[in-house]
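The values are calculated or read from the model by the stated rules, or taken from the named source; none is laboratory data. Values in this document were obtained by computation on a predicted structure and should not be read as measured data. Because the Cβ atoms are built from the backbone with ideal geometry, glycine has one as well, and the counts that use them run over all protein chains shown. Please note that ligands, DNA and RNA were not included when accessible areas were found on the heavy atoms of the full protein model with its side chains. Shrake-Rupley method; radii C 1.70, N 1.55, O 1.52, S 1.80 Å.
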Amino acid sequence: MIIVTRPHIADHDLDRIREYIESRGLRTHVSQGDERTVVGCVGDVQSLDPDAIRALAGVADVLRVSKPYRLAALEFVARPTLVSIGDARGTTFGGSEIVVAAGPCSVESREMILESAHAVSAAGARMLRGGAFKPRSSPYAFQGLGAEGLELLAEARAATGLPVVSEVLDPRQVELVSEYVDMLQIGARNMQNFALLAEVGRVRRPVLLKRGLSATIAELLLAAEHIMAQGNSQVVLCERGIRTFETATRNTLDVAAVAVLKRETHLPVIVDPSHAAGRTDLVAPLAFAAIAAGADGLIIETHPNPAMARSDGDQSLTLPSFTSLMKLLAPFAAAAGRTIASPTPENAHVVAGVAS
Ligand code: PEP
Ligand code: MN
């Protein structure tokens, strides 16, 4: 249930509304907009009498949420959620800037992660991605460098100032990974690992939640709800392609999901064109489509030498290709009324060095 207040409600009226709801054993979640405030009620809402609430001072309307998710529902808040990464530059998902995270599928060595970090930073990326713990379909494939990979990511962050996003596979790793990364990634294969979702809900780190390979949009939002129900509302959703009958691409990018999510939730939504496409030549057009559909950001795989990559080389852009892509994205961002960081002139020598 959602209580919408009258414009500019007095603090004591808001307190009275909260006390009324909480005294009946429910939790309240207050979201302040420029004019109105929304009080979300979580718990046994059937026990509440909407007419009695409407009679409280400052209440404009009482609405029942018909969706299975509440905290993640757009109606639940007065304004879209901004997810700030907490870095010096103030990187924020859900604002006017389209945030691009880029880097390798896996952290493979000190040299490659540093080279990647410098190049994607110079190209305009705001975050560095890189898996230290890798979920691989085969138990014989490279599983990531583990804790050493986290150390290398921290070194790359220190060298470039880029905040880092990396995947956590197991509830027992959450504490360790949180010490090193700025954003915890929940991979597609773990979208419904409820113990893991609860654990990342308990830490104060933003979460990048990727859509499961065969998950519906409602299931993705319920997975976000699991995280939010533990107290962490800093969740960014990621459409990364779903399993369909199509074999021309690794997955099918569900562009419509972006538009649907923007209507269903206040959480930022980003797109991973790399895992959707599975091949480098489709990364750019899928990234354009994502921005046109309203995505708040992109996460893109790059590699200094894709042919030698230990995972996902087929879909990883070379560093010069990524730099070119960043330039191509600018007009799409502008057409969508957004901005995107362009390659930094002061770092042009880094890009030139990488390209040569
Ligand atoms: C990844 O980001 O490298 C990854 C494994 O992605 P997904 O969980 O979407 O397959
Ligand atoms: Mn990958």
Net charge near ARG18, counting Lys/Arg +1 and Asp/Glu -1 over other residues with Cβ under 15 Å of its Cβ?
-2
Under a 5 Å amide H to amide H cut-off, with H placed in plane at 1.01 Å, what residues pair with VAL65 once short-range neighbours are removed?
ILE2
The ³J(HN,Hα) series, computed from each phi in segment 57-68 with the Karplus coefficients 6.51, -1.76 and 1.60 at θ = phi - 60°, rounded to the nearest Hz and given as x for glycine or proline, is 4, x, 8, 9, 7, 10, 10, 8, 8, 8, 7, x
Taking a probe of 1.4 Å and leaving out DNA, RNA and ligands, segment 2-64 shows per residue an accessible area in Å² of 56 Å²
Of the accessible area of segment 83-355, computed with a 1.4 Å probe and all protein chains kept, carbon and sulfur make up a percent value of 54 percent
Take every Cα pair under 8 Å in segment 2-64 that's 6+ residues apart, average their separations, divide by the length, and report that relative contact order as a whole percent.
47 percent
Just round it to a whole percent: the fraction of Cα-Cα distances in segment 22-97 exceeding 15 Å.
64 percent
On a C-alpha basis, how far is the centre of segment 213-247 from the centre of segment 64-82 in Å? Whole number, if you could?
15 Å
Rolling a 1.4 angstrom probe over the protein heavy atoms, how many square angstrom per residue are accessible across segment 83-355?
37 Å²
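In Å, the Kirkwood hydrodynamic radius of segment 2-64 over pairs of distinct alpha carbons?
Final number for the Kirkwood radius of segment 2-64 is 11.4 Å.
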Hits among lysines - C-alpha to C-alpha of LYS210 under 17 Å, sequence gap 8 or more where chains match:
LYS134, LYS262
What length, rounded to one decimal in nm, is gained on full extension from GLU35 through to GLU151, with 0.36 nm per residue of separation minus their alpha-carbon distance?
37.2 nm
Based on DSSP, what percent of beta bridges with both residues in segment 83-355 are antiparallel, to the nearest 5?
10 percent
Quick one: Debye curve from the alpha-carbon atoms of the chain only, equal weights, vacuum; give me log10 I(q)/I(0) at q = 0.08, 0.13, 0.14 Å⁻¹ to two decimals.
-0.40, -0.97, -1.09
Calculate what fraction, in whole %, of the accessible area of segment 2-64 sits on carbon and sulfur atoms when a 1.4 Å probe is rolled over the protein chains.
44 percent
Most fluctuating of SER178, SER324, SER47 in the GNM of the chain (C-alpha, under 10 Å) is SER47
Positive minus negative residues near HIS303 (Lys, Arg vs Asp, Glu; Cβ under 9 Å):
-3
Mean separation of Cα contacts under 8 Å (6+ apart) over length of the chain, as relative contact order %
16 percent
Note: ARG189 to LEU114 extended length (0.36 nm per residue) minus current alpha-carbon separation gives 24.2 nm
Along its principal axes, what span do the Cα atoms of segment 130-172 show, with the longest given first and each in whole Å?
34, 21, 13
GNM on the chain, Cα springs under 10 Å; top mean-square fluctuation among GLU151, GLU301, GLU35 goes to GLU35
